[in-house]
Amino acid sequence: MNPDTLRGHMDALLLSVVEREPLHGYAIIEALRERSDGALDVPTGTVYPALRRLERAGYLAGEWAVAGGRKRRTYRLTDSGRAALAGERSAWKSFTTAIGSVLDPSR
């Protein structure tokens, strides 16, 4: 998928992935890939800065954990993040409706 297509939607994607359960960065990347049937293969250089930004904004809470002898930062959705995700979903529905109306050949 063209990286420009994701621009402006990365926050919603990341918040959505951690909505179900706390995950570490690589697991978030894998979840994006899996939930999109491989269409979203987002590089770590895009994901990790976005996770840190979302944490600074208060949408994610991160904590260090040791798994398999490795120290990893795990992220979970905060109440503010849940509200932001609801807003992102609403905006996405409006956007797809508007674009769909324009692209519909019957209109």
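Hey, among the residues in the range 72-105 that are surrounded by 10 or more Cβ atoms within 10 Å (Cβ to Cβ) and of a type in the set (A, V, I, L, M), which one's nearest to the chain's Cα centre (by Cα)? Out of the qualifying residues, it is Leu85.
The residue pairs whose first member lies in the range 36-53 and is closer than 17 Å to Glu19 by Cα, whose second member is surrounded by 10 or more Cβ atoms within 10 Å (Cβ to Cβ) and modelled with pLDDT under 90, and whose beta carbons are closer than 9 Å, counting only pairs six or more residues apart or on different chains, are Ser36/Met1. Whether a residue is of a type in the set (Phe, Trp, Tyr), under 13 Å from the mean Cα position of the chain (by Cα) and either buried (at least 16 other Cβ atoms within 10 Å of the Cβ) or closer than 17 Å to Ala84 by Cα (or both) was assessed, and Tyr59 passes this test. Remark: Leu32 falls outside the filter, which requires a residue to be in contact (Cβ under 8 Å) with a residue 60 or more places away in the chain, surrounded by 13 or more Cβ atoms within 10 Å (Cβ to Cβ) and either on the phi > 0 side of the Ramachandran plot or within 15 Å of the chain's Cα centre (by Cα) (or both). Any residue in the range 44-60 that is modelled with pLDDT under 95 and of a type in the set (Lys, Arg)? No. Does Leu40 satisfy the condition of being surrounded by 10 or more Cβ atoms within 10 Å (Cβ to Cβ) and part of a helix (DSSP H, G or I)? Judged against the criteria, Leu40 is not a match.
The set of residues in the range 61-90 being in a helix (DSSP H, G or I) and without any contact (Cβ under 8 Å) to a residue 24 or more places away in the chain consists of Asp79, Ser80, Ala83, Ala86, Gly87, Ser90.
Listed conditions (1) surrounded by 14 or more Cβ atoms within 10 Å (Cβ to Cβ); (2) part of a helix (DSSP H, G or I) are all met by Pro49, apart from (1).
A search for C-beta distances below 6 Å between a residue of the range 12-27 that is without any contact (Cβ under 8 Å) to a residue 24 or more places away in the chain and surrounded by 19 or more Cβ atoms within 10 Å (Cβ to Cβ) and any residue that is of a type in the set (Val, Ile, Thr) and outside any strand (DSSP E or B), counting only pairs 6+ apart in sequence or on different chains, returns Val17/Ile28.
The values are calculated or read from the model by the stated rules, or taken from the named source; none is laboratory data. Computed from a predicted structure; not experimentally measured. Quick reminder, even Gly has a Cβ in these numbers, built from the backbone with ideal geometry, and neighbours come from all protein chains shown.
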